[in-house]
Amino acid sequence: MAERPSAAQEALSKVEDQLSCLVCLEPYTNPRLLSCFHVYCQHCLEDIVAHNRQGQLECPKCRRPTPLPPTGVSGLQAAFNIHHLFDIQETLKKVKEPQKLACEKCVKTTRKATSFCRQCTKFICEKCTDMHKEWEEFEGHEVVTIEKVEGDLIRLVSPKKMSPRCPKHDENMKLFCEPCGELICIHCTVQIHKDHKYCVIADTFESHKKEILDSLGPVEKQLEATDTALVNLDGRHAEIIEHGGKLATNIHSKFDEIRRALDAREGELMAELEGHTQQKLKSLSAQREEVEILQTQRSSCLHFVRESIRTGSPGDVLKMKQGVVKQVRELVDTFDPNTLEPRETTNTCFVPSAQLVKDCKEFGTIVLCCVNIPQKAIAGQKVTAYCQFLSPKNSAPPEAKLISKITDKATKCVVKERGKGEYEISYQLTVGGASELIVRVGGEEVAGSPFPVAVKTPIDKLGTVIKTINDLKRPRGVALNQAGEIIVAEQGAGIVSIFSPTGDKLRTLDTRGTAVGEMNGPCGVAVDGDDNILVVDNGNHRLLKFSRGGDLIAAGSHGNGPGQLNNPIGVCVNSVNGKVFVVDRGAHCLHIFNSDLTFSSKFGSKGSGNGQFNYPWDVASDRSGCVYVVDYHNHRVQVFTPDGGYLAQFGKYSSGNEALYVPVSICVDSDDLVYVGEYGNNRVSVLAYEVFLKSFGSYGSGPGQFNSPDGIAVDQCGVVYVSDRYNNRVQIFS
């Protein structure tokens, strides 16, 4: 078995890979930088220009053109960071055989080297190592053993940062001319750069270094975008292959019924499908190559600039600064985000012919079907979608129906032919909520079907009961998870029930008891960003955290200490920082917990002043992270910053129908509209901050009436879920 290469050998191989020119495949000779941040030998670039009919310089790797300076290729920016790699290469060659490595400090002896001084960049023996420890001259030098050098040589070898010399005066260039963006010597200040603003390189280096690094910000974002685009393109590539496979299976199943008569036709259809699929894959491959080019340009940019700053002297960096920043800006300005979106879709489907026996020679059609569906709609307004066949031959007209995910009822869709394989699909929903549009052609659903449609009810029309979940036991808090499931705390039953969007019971968190993780009167519920369920257990005076499946993750405790609760009732998860806010009714305050339920802080005390409470009851958060608290006996809503700082209040000083009376529940929707459940008025009021918009509901047990609306949740379509405590139900409004 071959021996595993040493760390030094592996490092040497990696370094040498970076030292080979991609054109001549030899170690770099006078490396020069192109505008795309790729590096090549000067003589290789000169050959490229010489063989180009227009005398242009185009990168061999990414094909990006680089403008040539008046002096030609020799005037391009030198890739000085490459020289540091050559230094590393030479040192690595020595480390490969440490037993033959002699001390490079001793003059007349051949003592074996045992260590490496990073500042001296030399291998030294034990005696020289001791001198480094004792002599003041070597104070601050970093000396490491050969073993450590072998494992971390690339970091330990310091770049040689030489001061460049002025070509006109043969003096060290220690100054930087701001207007010209050039390094100059002291003699230049009284001749060529007289009256120019200049400064010492060491004094101005950090500010210019920051400017260079700041210019990389857009490139980093574009690199992230190209990374995401490549993932999306690969995903779409797989989708098209998978979709083509599904269609092929469908074709096979149809043809199996009449195999003998249709073998020839089946082959034609499979070839047609393969043609469409390969055409899409070819298009995607071409697009992927474009995005890879964008990616490699920006990767090269980031790598070169950062390495140049890290390894170059201030003078080197400032000398290159003007040109590099210009190149970076050109790279950023030429970025086209439209290149990142996949140009192909899985818009093919197989449509079997209606007349199988009569016309078996032309049985079946490969249909490319494009469906344009408005994903948002307003209840009561007509909506029009379009379906177009790109291969309309022998295609039957589409069939469509819209199904509400809440009521499970279908809405009739009108399909109208517009000619040239295009059809108009129109529908009108009278109530809001998430729905799905199903489009079929020849009995088969088209690609992408069912299509999601979010139907929103205007606020002035809100208040119609579209669904009721009955037979609950004193429901209190209500929340929605990312799948649209309805989570209800049944205080009377001591359980938390989870229902489907249509109101069918799916599962139950049933851990009744007083032990850790058990519940005794759950009141408030909320869902965090990971779909974990937070439950305020009023009877046990604690906060519980369960996974979506019902496994206990964390549990709080009862008491008066930090993070301990005394008669808690409401809970919410802050939309910005993910922290958990718990209303402690007994202590007239709110506790703030971190996402793992460790205590963060608390605010509030008993009273009627700003930031005080008289039995707070529920809490909610808006898009900016502001916190809204219903103040039961103060008949108001108070608004706080994400860390509990008082901002405002509303409701208490209103008059007439706009006045809040014993508010018990609150929710804020995605438009920052505030929904308040009022026990005193047995209604739900809707406000835009302190501006009253409307209310619905009254006391009673009929549809749309309440007997203590103790919990509210609102989905993305503006559908309102209200737990009707003493009527033992949850009513869903649109």
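Worth pointing out:
So that you can scan it fast, the table gives a plain yes or no per residue for (1) hydroxyl-bearing (Ser, Thr, Tyr); (2) under 13 Å from Leu462 (Cα atoms):
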| position | (1), (2) |
| --- | --- |
| Glu678 | no, no |
| Val691 | no, no |
| Lys694 | no, yes |
| Gly704 | no, yes |
| Ser708 | yes, no |
| Tyr721 | yes, yes |
| Asn728 | no, no |
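- The residues of region 604-652 that are in a loop (DSSP other than H, G, I, E, B) and either among the aromatic types (Phe, Trp, Tyr) or under 19 Å from Asp710 (Cβ atoms) (or both), listed by number, are Asn614, Tyr615, Tyr632, His633, Asn634, His635, Gly651.
- So Leu216, is it over 30 Å from Met173 (Cα atoms), in contact (Cβ under 8 Å) with a residue 12 or more places away in the chain, touching a helix residue (DSSP H, G or I) at 6+ places or on another chain (Cβ under 9 Å) and not basic (Lys, Arg): no
- Flag for Val637 being in contact (Cβ under 8 Å) with a residue 24 or more places away in the chain, closer than 23 Å to Val488 by Cα and among the β-branched types (Val, Ile, Thr): no
- Conditions (1) closer than 14 Å to Ile406 by Cβ; (2) touching an Asp or Glu at 6+ places or on another chain (Cβ under 7 Å); (3) not small (Gly, Ala, Ser); (4) not assigned by TED's automatic domain parsing to the domain that holds Asp408; number of the one not met by Ile469: (2)
- If the condition is being within 22 Å of Asp316 (Cβ to Cβ) and outside any loop (DSSP other than H, G, I, E, B), then region 44-80 contributes Leu45, Thr66, Gly72, Val73, Ser74, Gly75, Ala78.
- Highlighted here are the strands (runs of 3 or more DSSP E) found entirely within region 379-486 that include at least 3 residues which are in contact with a strand residue (DSSP E or B) (Cβ under 7 Å, 6 or more places away or on another chain) and touching a residue at least 24 places away in the same chain (Cβ under 8 Å): 382-389, 399-404, 422-428, 433-441, 451-456, 465-469, 475-480.
- Positions within region 564-587 being surrounded by fewer than 19 Cβ atoms within 10 Å (Cβ to Cβ) and closer than 18 Å to Tyr615 by Cα, in sequence order: Gln564, Asn566, Asn567, Gly586
- Checking each residue in region 61-79 for being of a type in the set (Lys, Arg) and closer than 10 Å to Leu34 by Cβ picks out Lys61, Arg64.
- Yes/no for Ser285 being surrounded by fewer than 18 Cβ atoms within 10 Å (Cβ to Cβ) and farther than 20 Å from Gln222 by Cβ: yes
- Only residues that are at pLDDT 80 or above and more than 12 Å from Ile146 (Cβ to Cβ) were counted in region 103-116, giving 4.
- Picking from residues in region 155-204 that are within 30 Å of Val144 (Cα to Cα) and surrounded by 14 or more Cβ atoms within 10 Å (Cβ to Cβ), the one that is modelled with the highest pLDDT is Ser163.
- Residues of region 422-446 that are farther than 26 Å from Phe733 by Cβ and surrounded by 20 or more Cβ atoms within 10 Å (Cβ to Cβ): Tyr423, Ile425, Val439, Val441, Gly442, Val446.
- Residue within region 661-675 that is of a type in the set (A, V, I, L, M), closer than 14 Å to Asp631 by Cβ, in contact with a His (Cβ under 9 Å, 6 or more places away or on another chain) and at pLDDT below 90 present: no
- Tally of residues being of a type outside the set (Ser, Thr, Tyr), part of a helix (DSSP H, G or I) and over 26 Å from the mean Cα position of the chain (by Cα) across region 288-321: 13
- Of the strands (runs of 3 or more DSSP E) lying entirely inside region 490-586, those containing at least 2 residues that are under 23 Å from Thr468 (Cβ atoms) are 495-499, 505-509, 522-527.
- Residue tally, condition free of Cβ contacts under 8 Å to residues at least 24 places away in the same chain and of a type in the set (Gly, Ala, Ser), over region 302-343: 0
- Members of region 706-727 found to be buried (at least 18 other Cβ atoms within 10 Å of the Cβ), more than 38 Å from the chain's Cα centre (by Cα) and either not assigned by TED's automatic domain parsing to the domain that holds Pro522 or not in a strand (DSSP E or B) (or both), listed by number: Ser708, Arg725, Asn727
- The condition (being of a type in the set (Lys, Arg), closer than 29 Å to Thr296 by Cβ and buried (at least 16 other Cβ atoms within 10 Å of the Cβ)) is satisfied by just one residue among Arg64, Arg53: Arg64.
- Count of region 174-233 residues which are within 23 Å of the chain's Cα centre (by Cα), of a type in the set (Asp, Glu) and not in a helix (DSSP H, G or I): 0
- Qualifying residue in region 386-401 (condition: of a type in the set (Phe, Trp, Tyr), modelled with pLDDT under 80 and within 30 Å of Gln716 (Cβ to Cβ)): yes
- In region 242-267, the residue that is farthest from the chain's Cα centre (by Cα) out of those that are over 17 Å from Glu444 (Cα atoms) and surrounded by 14 or more Cβ atoms within 10 Å (Cβ to Cβ) is Ala261.
The values are calculated or read from the model by the stated rules, or taken from the named source; none is laboratory data. Please read all numbers here as calculations on a predicted model, not as lab measurements. Ideal geometry is used to build each Cβ from the backbone, glycine not excepted, and the neighbour counts take in all protein chains shown.
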